[in-house]
Amino acid sequence: MSAFRHITQVLVLASALAPTAAVLAQGNCQNASQFGQATPDPFGALTTISTCSYESEYSLITGIIAGATYQFTLSSGGYITVREDFPGGNVIGQGYSPVTVTAVTGGDLYPHWNVDDLCNVQSSCVTTTVQLFLNCTPVVASYSVLDDCNTNSFTIDVNVASTGDGSFVNIDHSINGTPQPQIPGQGVGVITLGPFTVGALVDIVVGHEFEAACSQSFFNVQSTGNCPVILNCGGVEYNDSYCYVANDTKTWWYQSSNNDPLAIVFSSGTIESSVYDVLTIYDGPNNGSPIIWQHNGPTFDLSTLPPIVSTGPNIFMTITSDGSVQCSTNPAWEWNWTVGCLDCDVPAATFTVVPDCIHREYSIEVNVTSTGDAATVDLVLPGDTLFGIGTGLQNFGPIGMDTIVNLSVFNGDNSLCRIFSGPVVAYEDSCVIPACLNVNTSYCYENTDDAWFVYQSSDPNLPITMTFLQGQLLVEDKVVIYNGAYDLAGVLFNGNLGGDLSGLSISSQNPDNLLTLRVQSNNTGSCDDGQATIPLVWDVGCGLVGIDENDATGFVLYPNPTTGAVTIQLGLDQLTNAVVRVFDLTGRQVLDVPVRTVNDRSVLVDLSGLQNGNYLLQVHADEFVRTKAVQVAR
């Protein structure tokens, strides 16, 4: 194995530094990092784990037989601690090389390599080995597979060349994990197992008379692939799985029983980039048939494929891989798929997006117009499946805006007959309301509400202004106005102005001419339940709040920005019970000035006591209530 490591260890001699491995007692060493992996030769030959192990690591030993004896060596003569089942498992043997242990559970073994019994470490290459000690002479056997395509079956000839030092062997086998009756007392010669249906996986143990360690095993024996797996149309679909290995050249051949087309659907599985590994599916009985689909691109999730359908009764599939990355090194990559006859009618449905822009979500209306030749369909949603659905409308949601989902409708009797929605999504950008000609909106907010309204000037050269005509908010309910799209923009206003939004007027201050209004409430009361009796009503249109907007029920203010004093130009000669209030952008009142006299429809207000920043100035009188933004800048 490679001697290269990530440079995370300091190259030291054990005698020069204190130990860096965990010291549980004298011996009982436990290192933190793994390097090297091996399976002991089943016939007792010496097996090299690594030619460059460090005496600060542990190795993984697989294929262990419970009760068997194993010897570990370290070329430096250093200290070996052998743990069982996991890296920090029970110590079943330790000492200076060589160390001989007896496996207890049959789980993996983990030899930890150290300089001495104080668990000192060093990072220089040493050779490590493992050897299975046999107390018997192993059985010698082989097997061959004979296909019978006419009966869609195969048999296995087990050739026992030697019974070892026993007088006979016992033949055990299982089919797809199900144990079969033992064939005991067999001598040298050929024992035929089967027949087995093509597609079955057979495990075989040629058992030594008295010592399991000297038995010989063969796993996942199957048809040679020269015969198809015959699929019984009208019956259940066929499920298959495979974990491909390095330098693989596996093939599969499926055939329908009555010439119906076939479909194959992957429920899980990953294949590495097609630069290294290639999966090809053919429309016919061999690799000379037309290609239906071939992996061509980066590492790919096979579960994202739609059903792959043949035009005739055969599908042929092949995998070729190199020696780098594959399922055997990434078990989560295992392929699982279903193959079956398309002896059914595909259902029909439409998928319609229903936006709810106010709450930044959407739903999907699924209209099942036909269940195919089944009584019902199954509606497959992200994370859920609704079974036994008839024709008609089904709604799925809510779904967050900009979230892409895929839905499918399965024939209730044959899941291979299905239709897909394709990617479905509603984008937040589609919820922006163009505003230049005046847009009037009324909203009666709900309990626990979080409602959004986004406006943009339809004239790129003009900002937009939002003006509240009326609106009652209960305590702890509020509005937030953002200077742009949604909550990524800066805040222009955040509060409720004492519960009355009448007269609040805010203009956009960004190059995109966008404003976002957000209405938030708690669960104790709202307009919807009648506790707030006046709904929110506002206008949005192009242009700034300016002096040309002054009328009998409004005002303008200048200079804006101001260094201190600001003049309020009123639309009336006389105001009753007038008060000027100033709020910061959190809605906190920072100034309250009664208006006792009006000279030439003007009122002078001193803001010099306020810090630099943006504020809202409100004129509150019996005749009107209006609010405008003002900036203090010195």
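The values are calculated or read from the model by the stated rules, or taken from the named source; none is laboratory data. Please read these numbers as outputs of a predicted model, since none were measured by experiment. Positions of Cβ are generated from backbone atoms using ideal geometry, with glycine treated the same way; all protein chains shown enter the neighbour counts. All accessible areas refer to the heavy atoms of the entire protein, side chains included, with ligands and DNA or RNA removed. Shrake-Rupley method; radii C 1.70, N 1.55, O 1.52, S 1.80 Å.
A probe of 1.4 angstrom, applied to the heavy atoms of all protein chains, finds H620 with accessible area near 60 square angstrom.
Legend: calculated FRET efficiency, N523 to T576, from the Cβ-Cβ distance at R0 = 41 Å, rounded to 0.05, equals 0.60. Other residues lying with their Cβ under 12 Å from the Cβ of S256 contribute a combined charge of -3, Lys and Arg counting +1, Asp and Glu -1. Report the calculated FRET efficiency for T192 and S167 (r = Cβ-Cβ distance, R0 = 25 Å), to the nearest 0.05. Plugging the Cβ-Cβ distance into 1/(1 + (r/R0)^6) gives 0.70. Pairwise Cα distances in segment 226-303 exceed 18 Å for 48 percent of all pairs. Toward the positive end of the charge dipole of segment 228-330, with +1 on the Cβ of Lys and Arg and -1 on the Cβ of Asp and Glu, the farthest Cα among L279, V245, Q255 is that of Q255. Annotation: per residue accessible area for segment 307-366 equals 39 Å², rounded to a whole number [probe 1.4 Å, protein chains only]. Surface calculation, 1.4 Å probe, protein heavy atoms: K250 sits at approximately 30 Å² accessible.
Protein-only accessible surface at a 1.4 angstrom probe places the residues F72, F210 in the order F210, F72, largest first.
Placing unit charges on each Cβ (+1 for Lys and Arg, -1 for Asp and Glu) gives the chain a dipole about its Cα centre, and among I534, Y96, G189 the Cα reaching farthest toward its positive end belongs to Y96.
Please give me the summed charge of the neighbours of G44: other residues whose Cβ is under 14 Å from its Cβ, Lys and Arg +1, Asp and Glu -1. Overall, the nearby charge balance is -3. Charge dipole (Cα centre; +1 on Lys/Arg Cβ, -1 on Asp/Glu Cβ; no other charges) of the chain amounts to roughly 1300 debye. Note on segment 338-396: with neighbouring protein chains present and a 1.4 Å probe, carbon and sulfur make up 51 percent of its accessible heavy-atom surface. When the surface is traced with a 1.4 Å probe over the full set of protein chains, E623 keeps roughly 70 Å² accessible. One chain, two ends: S324 and N220. Fully extended at 0.36 nm per residue, the span grows by 35.2 nm beyond their Cα-Cα distance.
Enclosing the Cα atoms of segment 45-144 in their convex hull gives a volume equal to 105 cubic angstrom per residue.
Counting only Cα atoms, the size of the chain along its three principal axes is 123, 77, 43 Å, in decreasing order.
Quote the Stokes-Einstein diffusion coefficient, in whole µm² s⁻¹, for segment 337-484, based on the Kirkwood radius over alpha carbon pairs, a temperature of 4 °C and a viscosity of 1.567 mPa s.
Details: Rh = 18.6 Å.
Approximately 70 µm²/s, per Stokes-Einstein.
In the calculated pair-distance distribution of segment 127-221, the portion above 24 angstrom amounts to 26 percent of the Cα-Cα pairs. Look at where the Cα atoms of segment 245-296 and of segment 102-171 average out, and the two centres are 33 Å apart.
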